[in-house]
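The values are calculated or read from the model by the stated rules, or taken from the named source; none is laboratory data. Remember, predicted model here, so these are calculated numbers, not experimental data. Cβ placement follows ideal geometry from the backbone for every residue including glycine, while neighbour counts extend to all protein chains displayed.
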Amino acid sequence: MTTEEMLVSLVENVKNINSTLNNMNKQFDDINNQIAEMKTDIQNVKDETKQISEMKTDIQKMKNEIREISLTLENETNRNIKIIAEGHFDLSRKLDKALTVENEKEMALIRINMMESEIRRIKEKLA
């Protein structure tokens, strides 16, 4: 093999190496792009995880508020309603007594009117 043939062979080998290096550079670029996409995806997952964590915190706060409202209903509101209902029952009983007295009074007035009318008639007959 002559020097010229060796140089031609060497040039071809260098071209092949350059081609291989170019292909490898393209592959590295593709890998870098994929890594960048994966970083973006991981950041999105982190953001969503943070949102889920915040939602869990909010849900726990709501559960606590609901528990407090429930306890307030049991311990205060229901008891107060019972007290008011008992007061209304007492008022109803007092009203019934007052109406009974009023009804008796009305009946007495009716009797008095009837007796007065009878007395007038008797007086007219005697006169």
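A few points about this structure:
- If only residues of the stretch 1-18 that are among the β-branched types (Val, Ile, Thr) and part of a helix (DSSP H, G or I) are counted, the one that is surrounded by the most Cβ atoms within 10 Å (Cβ to Cβ) is Val8.
- Taken over the stretch 107-127, residues that are surrounded by 10 or more Cβ atoms within 10 Å (Cβ to Cβ) and at pLDDT below 90 amount to 0.
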